[in-house]
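Structure first, commentary second.
The values are calculated or read from the model by the stated rules, or taken from the named source; none is laboratory data. Because the structure is a prediction, the values reported are computed rather than measured. All Cβ positions, even for glycine, are placed from backbone atoms using ideal geometry, and neighbour counts span all protein chains on display.
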Amino acid sequence: MMNQFLIKNAHLVDPQVSLDEQGDVLIENDAIIAVGSATQEHDTSHAQVIDASGKVLVPGLVDIHVHFRDPGFEYKEDIVSGSRAALKGGFSDVCCMANTDPVIDNAAVLRAVMSKAHHQAFCKVHAAGACTKGLKGEALADIGEMSALGAVAFTDDGHGVQSSSMMRRVMDYAHPFNKVIMSHCQDEDLVDAGQINEGAVSTRLGLLGWPAAGEEIQISRDMQLAQLTQTPLHIQHLTSAAGVEQLRAAKAQGVPVTCEVTPHHLFLHDSDIDESYNTNFKVNPPLRTQADSDALVQGLLDGTIDCIVTDHAPHAAYEKAREFELAPFGMIGLETSLALMITHLVAPGKLSWSQLVSLMAVNPRAILRLDPVRIAPQSRASLTLIDPNASWDVTEQEFESKSSNSAFLGAHLQGRACDVFIDGKHMLIDGTLAHQPLSQQ
């Protein structure tokens, strides 16, 4: 049976096809079949019509850095709850990290994760494999087998690969498979037991400092190894002004490197951590200074930074309720990411809608070598419809995630996804999630 949707009067934004105008989109089954005036050439008498006046239609958003804690830590999050949070946030696709229990370092674990995602997820869930066995940095993970099975990237996220020779071996081995190596840049000898950014705030609060150099040293090393091996490298969760400069210079020299930034590193700073010792502000890598955040924003605007990710890192309430030094690092972000970008950058006119689409939809797909999605005939109908004027407050009750460890609780935000189509399936319907997983639609 033919399934048709006609989205009318939307602001269509897709820099891949130089599209930034009001128009209609006709979806039939899993594909876009007409855009703009061409929709009038088709019989739409049986189509479900969506009036998108005042709303923005973009290719489906993609977050290439999330933690769904599945398998092993399902009390924090699992594939069902994580994918529901992603869908609520407007994402059609996400990529899960490998630091589960057991670690995704072999084909058997990867197969189990991908099977569960296929049957239970509410959005498309891709998986990254580990670079080294057990994330220990001592022996190569089964990169070849996981590549063949569908791993989209390789990373020891949560740890930096400490040995330069091991990181070079990872890149050499991954190179023939054309898979990106995603690097959590952290020199553990230098960072040690650091809790927050090293500086005036760490001194005032009596917390061990975490110098930005602990990140920047490995950024430099890994970019040199990428140049040596010509293996694509992706720098995860960039935080510092010096790091932005390193990336800018490397790209100018032709190093095959991309990078990402999170909304919390853009819009929060170490000065937001006060004597309340709110552990929702404890993240890895840590929040840095206002000057660092300003440099990150500039990196977005000039194209140095390629994409926005959330590093969605759920934890149980009792874990975050511990003393600051004992609480785990991380915060959730899938359900606030889009609104934070609209509120702080798009609505004030600092970032265009086309730039936002590149950062949250186009570039993430390219980094993972996923097939592109365009607002054009014959493209897969994976689309996000955004209400840029929706006004809402961040509360625990809002979250689809099992966890609520967000430093943005209480924030008043503008903009929200209202509808999401994934391969033509209407998974988010006027802000309400579909009742069944994607595979059952």
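Observations
- Residue list for the range 92-138, filter: surrounded by fewer than 17 Cβ atoms within 10 Å (Cβ to Cβ), in contact (Cβ under 8 Å) with a residue 24 or more places away in the chain and either in a helix (DSSP H, G or I) or not assigned by TED's automatic domain parsing to the domain that holds Asp311 (or both): Arg111, Ala112, His118, His119, Lys133, Gly134
- Just one of the listed residues (Pro232, Pro256) is at pLDDT 95 or above, crowded, with 19+ Cβ neighbours inside 10 Å and of a type outside the set (Asp, Glu), and it is Pro232.
- Scanning the range 222-259 for residues that are assigned to a helix (DSSP H, G or I) and either among the hydroxyl-bearing types (Ser, Thr, Tyr) or not assigned by TED's automatic domain parsing to the domain that holds Val152 (or both) yields a single hit, Thr229.
- For the residues Thr289, Thr279, Thr336, the requirement of being touching a strand residue (DSSP E or B) at 6+ places or on another chain (Cβ under 9 Å) and either modelled with pLDDT under 95 or under 18 Å from Asn405 (Cβ atoms) (or both) singles out Thr336.
- Evaluation of Pro71 against (1) more than 25 Å from Asp371 (Cβ to Cβ); (2) touching a strand residue (DSSP E or B) at 6+ places or on another chain (Cβ under 8 Å) (one fails), failing number: (2)
- So Gln414, is it of a type in the set (S, T, N, Q), closer than 23 Å to His237 by Cα and not in a loop (DSSP other than H, G, I, E, B): no
- Residue within the range 58-81 that is of a type outside the set (Ser, Thr, Tyr) and over 22 Å from Ala117 (Cβ atoms) present: yes
Table: residues versus (1) surrounded by fewer than 20 Cβ atoms within 10 Å (Cβ to Cβ); (2) of a type in the set (Ser, Thr, Tyr); (3) closer than 18 Å to Ser92 by Cα.
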site: Val346; (1), (2), (3): no, no, no
site: Met360; (1), (2), (3): no, no, yes
site: Ala366; (1), (2), (3): yes, no, yes
site: Ala376; (1), (2), (3): yes, no, yes
site: Ser379; (1), (2), (3): no, yes, yes
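- Of all residues in the range 44-66 being modelled with pLDDT under 95 and hydroxyl-bearing (Ser, Thr, Tyr), the one that is farthest from Met331 (Cα to Cα): Ser45
- The residue list Asn280, Asn284 contains one member that is assigned to a helix (DSSP H, G or I), surrounded by fewer than 23 Cβ atoms within 10 Å (Cβ to Cβ), in contact (Cβ under 8 Å) with a residue 12 or more places away in the chain and under 19 Å from the mean Cα position of the chain (by Cα), which is Asn280.
- The range 80-91, subset out of contact with any Ser or Thr (no Cβ under 9 Å at 6 or more places or on another chain) and under 19 Å from Ala339 (Cα atoms), residue surrounded by the most Cβ atoms within 10 Å (Cβ to Cβ): Ser83
- Single residue of the range 1-22 satisfying the filter (without any contact (Cβ under 8 Å) to a residue 60 or more places away in the chain and of a type in the set (A, V, I, L, M, F, W, C)) that is nearest to His42 (Cα to Cα): Leu6
- Once the range 139-155 is narrowed to residues that are assigned to a loop (DSSP other than H, G, I, E, B) and touching a residue at least 24 places away in the same chain (Cβ under 8 Å), the residue that is farthest from Ala212 (Cα to Cα) is Gly150.
- Qualifying residue in the range 156-176 (condition: in a strand (DSSP E or B), at negative phi and in contact (Cβ under 8 Å) with a residue 60 or more places away in the chain): no
- Considering the range 49-90, and only residues there that are under 27 Å from Gln16 (Cβ atoms) and part of a loop (DSSP other than H, G, I, E, B), the residue that is farthest from the chain's Cα centre (by Cα) turns out to be Ser53.
- Some residue of the range 318-328 being in contact with a Leu (Cβ under 8 Å, 6 or more places away or on another chain), surrounded by 24 or more Cβ atoms within 10 Å (Cβ to Cβ) and either at pLDDT 95 or above or not assigned by TED's automatic domain parsing to the domain that holds Leu87 (or both): no
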